[in-house]
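Taking it in order: structure first as C-alpha cells, then the write-up.
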Amino acid sequence: MANFWGKFRNYTPSAPRPQERSLENPSTVLSSEYLDSLGAETKRAEVDHANSISITAFWRALQVLSGVIASLPFEVFRFDENSSVKAVNHPLARVIGRSPNELYTKFDFMQTLIIHLYTYGNFYARIDRNPQGRPNRLVILDPAKVKIDYNSRGSIVYVFTNPMGGTSRYSFDRVIHVSGLSWDGTLGEDLVKTFKRVLNTGLDNQNYLASFYANGASLSGVVTVPQKLDDAAYRRMRTSWNNSYSGANKAGSTAILEQGATYQKVALSPAEAGAAEAKKMVISDVARITGVPQFLLEDLDRATFNNIEELGQLFVTYTILPLCKNIEAEFSRKLLFDSEQDNHEVRLDLSSLLRADTEARSKLIDSMMKWGIINRDEARKIEGINPIADGSGQAYYIPLNMTDPTKPQEVEGTPGLSEADERMRFFDSIKSKMDAYGVAVRAGAITPQIEDEIKLRVEAGLPPVSDDVLKAWAEDEGYRRPITLKLKQEVEKIEEQLTDNNNGSDEEPGNQPTE
C-alpha cells in the first residue's frame, strides 16, 4: 500500500509556486484573445500550393512560363540521318497539338502542366488508348492525389486517389509524368515546400501591407485614459474608435480624444519596416527559383534597352530550352510506339522564340538567300507569308563568283551574260593572274621565267614577246623582267661608248720622246 501511495505522489503534480511579476513576467498574460482585443492580428497565413500563387511575383513567373510553353507548337516529327520532316498526318499530332481531350485545349493542358510542375514539382496525366493501342486522350491528374508505388517486379505504379473515393493503380506506361529536380530521378521536389520560407516572406509582406491599408493606412498605437474603464466602457470605446478611424476609406481622418485620453504610436510604418525592400527581395528570390528574369516580373531596376533582348535570349537558352527537352523526352517515350522510337519524336518548336529583332532577322534571311541556303518561298515561310503562286520561289540562287573547285572553270558561254560582260570578266581573270604573279615575283617567292611571260601574253591576246626581249632574257639568264633588261642594255651601250672615248684620249700628240 505504501508503494501505491508513493507512485501516486510521483504522478501527482505539485502545487504551483508563486511567481514574481515583472516586465519579463507580466501579471496579464498576452494571450491571443487579449491581443485580439487590442486589435492585433496573431494568426499567420502559412503558404501552401493554393495560396502560393497569390504572391504577385510567383503568379507572374508561372504566368510567363506557362504562357510561353503553351504558345509553342507541339508537333510530331519523322527523321532520319539526313532530314527531319513534320508528320502532320500522324495520329498523335491531333492529341498533343490541338486537343488532348474534350475538356480542355492544348493551351489549357500545357499551362496546367507548368503550374503543377512549378508548385508540386510533378505533373501527371493519364493516357487513354484506342483498341489499336494508340493514345487518343490525355487526362490531367491532381498531383496532390498521386503517389508512386512499386509492384513485385520493381516497376513503377502510380496510385491515384479518386475524388469520389477509392484508388486507381496505373502502370508506368499509362501515365505521363514530367518531374522537376529530383533526388532519385523519379519524384520531383515540391517547390512550395522546398522554398516555404521564401514564399512565406512574400505572403507576409503582402498581408502586412493589406492590413496596414485596411486599418486606415495609419500607425497603430495605444489609447491611454487616466481613469480605469470597465468592460462595457472599454468595448464601447474600442468599437467607436474602429468605426471612426479604421479602414482605408477613413485614412487621414482627425481623431478627437476626450476625457484626457492620449495616443501613443507602437507600430512601424511600411517604410520603417522595410516593406519595399522585402518585396524586391521576394521578386529576386522568385526569379532565381523559377529561372524567369526579373524584368519579366515587372522589375526593371537593372534592365536597359541595350540588354533586354540579350536577357530574353538567355531566358530561352537556360530556362525554356531545358524545360522543353524535359517535356519532349517524357511525351516521346510514353506516347510513341516502340517501333517509332528510333525515327519519330515529339517536339516543341522554339523557332518563334529564337527569332531576333526585325533588322537582324532581315539580314539573316537575306544572307541565307544570297548563298543559296534557302529559296524565296522558304524565306516567306519563315515570316509567315504564303509561297509565290507560280512556283518561281522554289529556285535557289548563288553569287556569280561562287564556283565549284572540283569542276573545270568555263569562262565563255556563261548563261545570262552579254558578250561585253564575258569579255570584261575574261580580262578581270587575266589581270588577277598577272597581279598575283607580280606580287610573288616582288616578294621573291618565285623566279620569273620567259615561259610565264609568253603564256600570259597568249592568254591575254597581247602581241608576242619581241626577239630583242628574248635575247635580253637569254643574256641575263632570265633573272630580270624584260623592261629592266631593256634599260640595262641601254646603260651598257652608254658605258661602252664612254670606255671607247676614254681609250682614245689616252694617246695625246704632246707625248713624244724628247731629244
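The values are calculated or read from the model by the stated rules, or taken from the named source; none is laboratory data. As the structure is a computational prediction, the values presented were derived from the model and not from experiment. Ideal geometry is used to build each Cβ from the backbone, glycine not excepted, and the neighbour counts take in all protein chains shown.
Okay, here's what the table says:
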item: Only one of Ile398, Ile382 that is within 26 Å of the chain's Cα centre (by Cα) and either exposed (fewer than 11 other Cβ atoms within 10 Å of the Cβ) or modelled with pLDDT under 85 (or both); result: Ile382
item: Test: residue in the stretch 87-99 that is hydrophobic (A, V, I, L, M, F, W, C), touching a His at 6+ places or on another chain (Cβ under 8 Å) and under 17 Å from Lys325 (Cβ atoms); result: no
item: Of all residues in the stretch 211-240 being modelled with pLDDT under 70 and in a helix (DSSP H, G or I), the one that is surrounded by the most Cβ atoms within 10 Å (Cβ to Cβ); result: Phe212
item: Single residue of the stretch 149-186 satisfying the filter (touching a His at 6+ places or on another chain (Cβ under 9 Å) and under 19 Å from Leu117 (Cα atoms)) that is modelled with the lowest pLDDT; result: Thr186
item: Neighbours by Cβ (under 7 Å, 6+ apart or cross-chain): first from the stretch 100-125, farther than 23 Å from Ser171 by Cβ; second in a loop (DSSP other than H, G, I, E, B); result: Thr105/Ser99; Lys106/Arg98; Lys106/Ser99; Lys106/Pro100; Thr119/His49
item: Identity of the residue in the stretch 314-352, assigned to a loop (DSSP other than H, G, I, E, B) and touching a residue at least 12 places away in the same chain (Cβ under 8 Å), that ends up nearest to Glu81 (Cα to Cα); result: Asn343
item: Segments classed as strands (runs of 3 or more DSSP E), wholly inside the stretch 116-200, with at least 2 members that are assigned by TED's automatic domain parsing to the domain that holds Asp285 and among the small types (Gly, Ala, Ser); result: 167-171
item: Count of residues meeting criterion [closer than 21 Å to Asp128 by Cα, charged (D, E, K, R) and not in a loop (DSSP other than H, G, I, E, B)] in the stretch 75-100; result: 2
item: Residue within the stretch 250-264 that is at pLDDT below 75, of a type in the set (Lys, Arg) and either assigned by TED's automatic domain parsing to the domain that holds Gln63 or part of a helix (DSSP H, G or I) (or both) present; result: yes
item: Arg129 charged (D, E, K, R), within 19 Å of Ala329 (Cα to Cα) and surrounded by fewer than 18 Cβ atoms within 10 Å (Cβ to Cβ); result: no
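Residue by residue, here is whether (1) under 10 Å from Asn122 (Cα atoms); (2) surrounded by 13 or more Cβ atoms within 10 Å (Cβ to Cβ); (3) touching a residue at least 40 places away in the same chain (Cβ under 8 Å); (4) in contact with a Ser or Thr (Cβ under 7 Å, 6 or more places away or on another chain) holds:
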| residue | (1), (2), (3), (4) |
| --- | --- |
| Tyr170 | no, yes, yes, no |
| Arg174 | no, yes, yes, no |
| His177 | yes, yes, yes, no |
| Leu181 | yes, no, yes, no |
| Asp184 | no, no, no, no |
| Glu189 | yes, yes, yes, yes |
| Phe195 | no, yes, yes, no |
| Asn200 | no, yes, yes, no |
| Asn205 | no, yes, yes, no |
